[in-house]
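Here is the structure we will look at, set down as structure tokens.
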Amino acid sequence: MGSQLNFILCKERTGSSLLTTMLNGSDEVVAVAEETFSLYLFPKYGSLNNWSDDAISSLLDDFVLMSKKNLNLYFSDITNARTKLLGIKDRNIDYQAMCKQLYGLFYPTKRKDQVSVYVEKQIDYLFHLKELNKVFPNSKIVVLVR
């Protein structure tokens, strides 16, 4: 999964939801809005490079507990998500690659074979740039202000 992981950091009323919707119109982009798992779960899972069934299940459980929005509107159902994640053949992947696997479960009707860019729109990370750059050093960050 060699695709990029990027971030849109913003505050309310900056047009970020419209931008996210527009990005999702592209076959090459999956843009996820305001799910804070990627940075906040890093301390617990960031050192993993070989994902066991237990680690994958634990990550998914933590992801669901932290979710901010109504996941059933735009996320694969949890049973299907667990099956897909546990079915990953090459589990020798880093934390960022596992995050992209989770992002790939959003918008289940969208074909993912052409996706090359994952974007996380985030309000909560705006004041955590240092941590974000440490965890995801190759990501591009767009900051929207009004």
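The values are calculated or read from the model by the stated rules, or taken from the named source; none is laboratory data. The structure displayed is predicted, hence computed values, not measured ones. All accessible areas refer to the heavy atoms of the entire protein, side chains included, with ligands and DNA or RNA removed. Shrake-Rupley method; radii C 1.70, N 1.55, O 1.52, S 1.80 Å.
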_Apply the Karplus curve 6.51 cos²θ - 1.76 cosθ + 1.60, θ = phi - 60°, to the phi angles in the range 30-42 and return the couplings in whole Hz, x for Gly and Pro._
10, 10, 10, 9, 6, 9, 8, 5, 4, 7, 6, 8, 4
*Restricting to the chain, what percent of DSSP beta bridges are antiparallel, rounded to 5?*
5 percent
_Structure-based [θ]222 nm, the chain - -39500 (n - 2.57) summed over DSSP H runs of at least 4, per residue, nearest 500_ = -10500 deg cm²/dmol
*Residues with amide H under 5 Å from that of Thr36, placed H, sequence gap 5 or more*: Lys68
_Amide H partners (placed H, <5 Å) of Phe75, local residues excluded_ = Tyr107
_Here is the link list: Lys89/Lys130; Lys84/Lys130; Lys11/Lys89; Lys68/Lys134; Lys68/Lys100. Which ones come out longer than 30 Å on Cα distance?_
Lys89/Lys130; Lys84/Lys130; Lys11/Lys89
*Residue with peak Gaussian network fluctuation, the chain [Cα springs, cutoff 10 Å], from Lys130, Lys112, Lys100*: Lys130
*For the range 87-146, how big is the tail of P(r) above 16 Å, as a whole percent of Cα pairs?*
56 percent
*Which of the following values of P(r) over Cα pairs in 10 Å bins from 0, in percent was calculated from the structure shown: (i) 11, 39, 35, 14, 1; (ii) 11, 42, 37, 11, 1; (iii) 11, 44, 38, 7, 0?*
(iii)
*List every residue whose amide H lies under 5 Å from the amide H of Glu120, counting only residues 5 or more places away in sequence or on a different chain, with H placed 1.01 Å from N in the peptide plane.*
Asn6, Phe7, Ile8, Val32
*log10 I(q)/I(0), Debye, Cα-only the range 18-102, no solvent, q = 0.13, 0.15, 0.21, 0.25 Å⁻¹?*
-0.44, -0.59, -1.10, -1.39
*Which order do Lys110, Lys11, Lys121 take when ranked by solvent-accessible area (1.4 Å probe, heavy atoms of all protein chains), largest first?*
Lys11, Lys110, Lys121
*Please report how far the C-alpha centroid of the range 56-112 lies from that of the range 6-41, rounded to the nearest whole angstrom.*
16 Å
*Where the Cα pairs of the range 55-112 fall when distances are cut into 10 Å bins, in %*: 21, 61, 18, 0
*Which aspartates and glutamates have a Cα lying under 18 Å from the Cα of Lys121, excluding residues fewer than 8 positions away in the same chain?*
Glu12, Asp27, Glu28, Glu34, Glu35, Glu131
